[in-house]
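Engineer: Quick one: the structure is below, questions incoming.
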Amino acid sequence: MAPTLNESNPDLQSFASSIHALESSLSATVEAMDEEDAALATLQNDILPAMKERREQLLKQKVEVQKTLANAVPLQGQPLAEVTNQEPRETQQSGKSAPAATAKKRRQSRHSSSVAPVATPASPSTNNTPPPPIEEVSPIQMPHVNEEEFATIPKYMRGRLDRSKLNSAIDTWLELLHAKYPDATSSSSSSSTASSTLGPFILTSDELRAAPVFQSLGSTNLKAVLVGLRHVGRIKNSNEVGSPSYILC
């Protein structure tokens, strides 16, 4: 029986092991490069436009502050008395001297102090105003995903996601729940109060796939959206109806 390659030459066995180790190292390097490409795409698509929009907002605020300051500054060369109190100029225009105006004010003050104030009868207090009606608030609530929450999603999951896609899915989700639970109203915004009377608000996988918005995503992108919503704490899995379904957190 002829000896095998490893038995005949130990050096070849060591060389083959080195080749396998090199292949593993190259695979890990390629995966790391893919994650960096996804991070750069996120930076270009989300972070840079947000920074540009914030810069434009700050520039607008700066212009508004400058306009406000310009309107608050008095005209150059105008006396302070003319800005804060127009009485000296009006007195000069009427031809009255300052002592005469002062004496007139004193006579008016003495006359007003000599007249006793007339007490007005107090009107009976009436409080017949009905209390405002209690506004009924739907307990079905799912807020949009903000930038901080979206940044917590791992990079490998954000390759097929963006924040606008998640928030559009949330809007469609709420429409489906309101259509399925039309009587879900409560004076409190807490979903736990309505859950005790109506049960949890559940959507099955079939109900989600039947929605045109989720149909347009495709199965792969829909799965990515569900994973993203679970990661940011908007939904969680449920087995209460006997088929794959999701419930509001």
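Engineer: Can you put Met157, Met33, Met142 in order of Cβ neighbours within 10 angstrom, beginning with the fewest?
Structural biologist: Listed from fewest to most nearby Cβ atoms, that is Met33, Met157, Met142.
Engineer: Fewest first, what order do Leu248, Leu12 take by the number of other Cβ atoms within 10 Å?
Structural biologist: Ranked by crowding around the Cβ, least crowded first: Leu12, Leu248.
Engineer: My understanding is that a pair violates if its Cα-Cα distance is over 22 Å; which of Lys155/Lys223; Lys60/Lys155; Lys60/Lys165 do that in this structure?
Structural biologist: In this structure, Lys60/Lys155; Lys60/Lys165 lie more than 22 Å apart at Cα.
Engineer: For segment 162-170, just list the computed ³J(HN,Hα) in residue order, Karplus coefficients 6.51, -1.76 and 1.60, θ = phi - 60°, integers in Hz, with x standing in for Gly and Pro.
Structural biologist: Residue by residue, segment 162-170 yields 9, 5, 5, 5, 5, 5, 5, 5, 5 Hz.
Engineer: Just order 175-181, 223-229 by mean Cβ neighbour count inside 10 Å, highest at the front, would you?
Structural biologist: 223-229, 175-181
Engineer: Got a sec? How would Ser238, Ser25 order by Cβ neighbour count within 10 Å, fewest to most?
Structural biologist: Ser25, Ser238
Read-outs: derived from the displayed coordinates by stated rules, not from any lab. Just so it is clear, the model here is predicted, and its values are computed rather than measured. FYI the Cβ positions are ideal-geometry reconstructions off the backbone, even for glycines, and counts take in every protein chain you see.
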